[in-house]
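Just below is one structure, and these are the notes that go with it.
The values are calculated or read from the model by the stated rules, or taken from the named source; none is laboratory data. Everything numeric in this text was worked out from a predicted model, so none of it was measured. Backbone-built Cβ (ideal geometry, glycine too); neighbour counts: all protein chains shown.
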Amino acid sequence: MRYNGRVSWLWCCFGVLLAGCAQVTNATRTPTLTLFTLSRPAFTPTPMLRLLRTPTLRATSITVLTFAAPTPLPVPPGTPNCYETPVGSLWCLGLLRNTLTVPIGQVVITVYLVRADGTALAEKQTATPRTHLAPGEFSPYGVLFDTIPEGFAGPVAVLISIGTVTSAGAVSVHDVQSELRDVTYHVTGTLANSDARQVHNLSIVVTLMDDGGRVTGFRQQRWPSDKSLAPGANLVFAIDATPQGLGTTQVKVSAEAD
């Protein structure tokens, strides 16, 4: 009887251990399933993608502005410099140089006043005063804006078109002298016809520049269409040019004729 009692007691203890182990096993499975569910975070879009779109759109608007007009020949009009006048208007002056190996002429340029992001606030179109540009020659250009728009950050020049070039007369400038009188440069010189034929439509352009090659002002003088210059003949000229910007150190005179 004592043996049977011990056996019953052992079986009882063994049953309690089995029940305890089963409870521990079940208790550890539930947290494991819960942790697996929490380890899968929900997807949320990052705001960085939205921030990157804004500069892209602004860059596109600047690109459209810069290349809005077709450029028939790769002649950069450069970046003009703008000078405010005492009455609140704005002169924007630039320099176009013929970097090609062929002559060009009848150049048309549009100057835009833009915001910092490239948005155009105002625009004006102009033609270069020189209508014949041999390789390496340059011509100033300029536009006058009546007012300065709010938010103006700088100018942008765009080449619009280049026309055909007729044969130009071989005229040159000699004995150029310049004298500053108050705020105006008084320029004198001699126009010479070195062509074998008579030339017409005589014109000279005086360009004022600073040490950096920036245009500070220019002035053109045309003679009447019935005025001609015989082969080997000379013509004395005098013209006044007023700079719009400060720092003028160079006075350049160019001439042309048909």
Is it true that some residue in segment 115-131 is in contact with a His (Cβ under 9 Å, 6 or more places away or on another chain) and in contact (Cβ under 8 Å) with a residue 12 or more places away in the chain?
no
If you check residue 192 against the conditions, is it crowded, with 17+ Cβ neighbours inside 10 Å, in contact (Cβ under 8 Å) with a residue 12 or more places away in the chain and within 22 Å of residue 230 (Cβ to Cβ)?
yes
Return the residue satisfying two criteria in turn: it lies in segment 206-239 and is in contact (Cβ under 8 Å) with a residue 40 or more places away in the chain, outside any strand (DSSP E or B) and not small (Gly, Ala, Ser), and of such residues it is surrounded by the fewest Cβ atoms within 10 Å (Cβ to Cβ).
210
For segment 132-188, enumerate the residues that are aromatic (Phe, Trp, Tyr) and not assigned by TED's automatic domain parsing to the domain that holds residue 121.
185
Members of segment 110-126 found to be small (Gly, Ala, Ser) and in contact with a Pro (Cβ under 6 Å, 6 or more places away or on another chain), listed by number
122
Looking for whichever is touching a Ser or Thr at 6+ places or on another chain (Cβ under 8 Å), surrounded by 10 or more Cβ atoms within 10 Å (Cβ to Cβ), modelled with pLDDT of 90 or more and of a type outside the set (A, V, I, L, M) here; the options are 123, 84. Which one fits?
123
Count - residues of segment 240-258 that are of a type in the set (A, V, I, L, M, F, W, C), touching a residue at least 40 places away in the same chain (Cβ under 8 Å) and exposed (fewer than 13 other Cβ atoms within 10 Å of the Cβ):
0
Mind checking which residues of segment 69-81 are surrounded by 13 or more Cβ atoms within 10 Å (Cβ to Cβ) and either in a strand (DSSP E or B) or modelled with pLDDT under 75 (or both)?
69, 71, 73, 81
Here are the criteria: (1) out of contact with any Gly (no Cβ under 7 Å at 6 or more places or on another chain); (2) at pLDDT 90 or above. Tell me which single one residue 241 does not satisfy.
(1)
Note on residue 210: of the conditions (1) touching a Leu at 6+ places or on another chain (Cβ under 9 Å); (2) outside the structural domain of residue 241 (by TED's automatic domain parsing), unmet is (2)
